[in-house]
Amino acid sequence: MCITGLKEDGTNIIANSLHPGATLSTDIYTHNSILAAALKILRSSGIENILKLLAKNVQQGASTTCYVALHPQVNGISGKYFVDNNIAEPSSHGKDMDLAKKLWDFSINLTK
C-alpha cells in the first residue's frame, strides 16, 4: 500500500512530495560521501562559485517545504509532487508504482 492504497482505503492522510532545489550553502552534502567528494572537486576547480549563482539559498530551498506544509491553497491536496511552490510532473521513477510499492515496503520494515 502507498498513497494510492491509502486513498482507496478511505484513510484521511495527506501526503505530498517535493524537491527543495539545489542548496550549496548548507552542509547537507557532507553526509553523503559521493556528493561530498563531488563538491570537493567543484570547490577545487572554482566551478562551485558558478554553481552557487544557479543554486538556491537556504530560504529559497525551504520555500517549497513551507508552502506545501502551510499554504491554504495546498490544504486538502494529496499525492502530488511540488517544485518551486508549484505542482510539477514527477520523473518516470516518481510515477513507477512498482518502485513506490518497494519503497513503501522498505519503509515499513525500517519502522518495525
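The values are calculated or read from the model by the stated rules, or taken from the named source; none is laboratory data. All values reported here derive from a predicted model rather than from experimental measurement. So basically every Cβ, Gly included, is an ideal-geometry build from the backbone, and we count neighbours across all protein chains shown.
Some observations on this one:
- Those helices (runs of 4 or more DSSP H) lying entirely in segment 19-112 with at least 3 residues at pLDDT 85 or above and of a type in the set (S, T, Y): 58-70
- Selected residue (only one of L110, L103 is surrounded by 10 or more Cβ atoms within 10 Å (Cβ to Cβ), over 13 Å from L18 (Cβ atoms) and of a type in the set (A, V, I, L, M)): L103
- Search result, residues across segment 78-112 that are in contact with a strand residue (DSSP E or B) (Cβ under 9 Å, 6 or more places away or on another chain) and among the hydrophobic types (A, V, I, L, M, F, W, C): F82, V83, I87, A88
- Any pair with Cβ under 8 angstrom, 6 or more apart, that starts in segment 78-102 at a residue that is without any contact (Cβ under 8 Å) to a residue 24 or more places away in the chain and ends at one that is among the charged types (D, E, K, R) and not in a strand (DSSP E or B): I87/K80
- Qualifying residue in segment 4-11 (condition: farther than 30 Å from K102 by Cβ, acidic (D, E) and either modelled with pLDDT under 70 or not in a loop (DSSP other than H, G, I, E, B) (or both)): no
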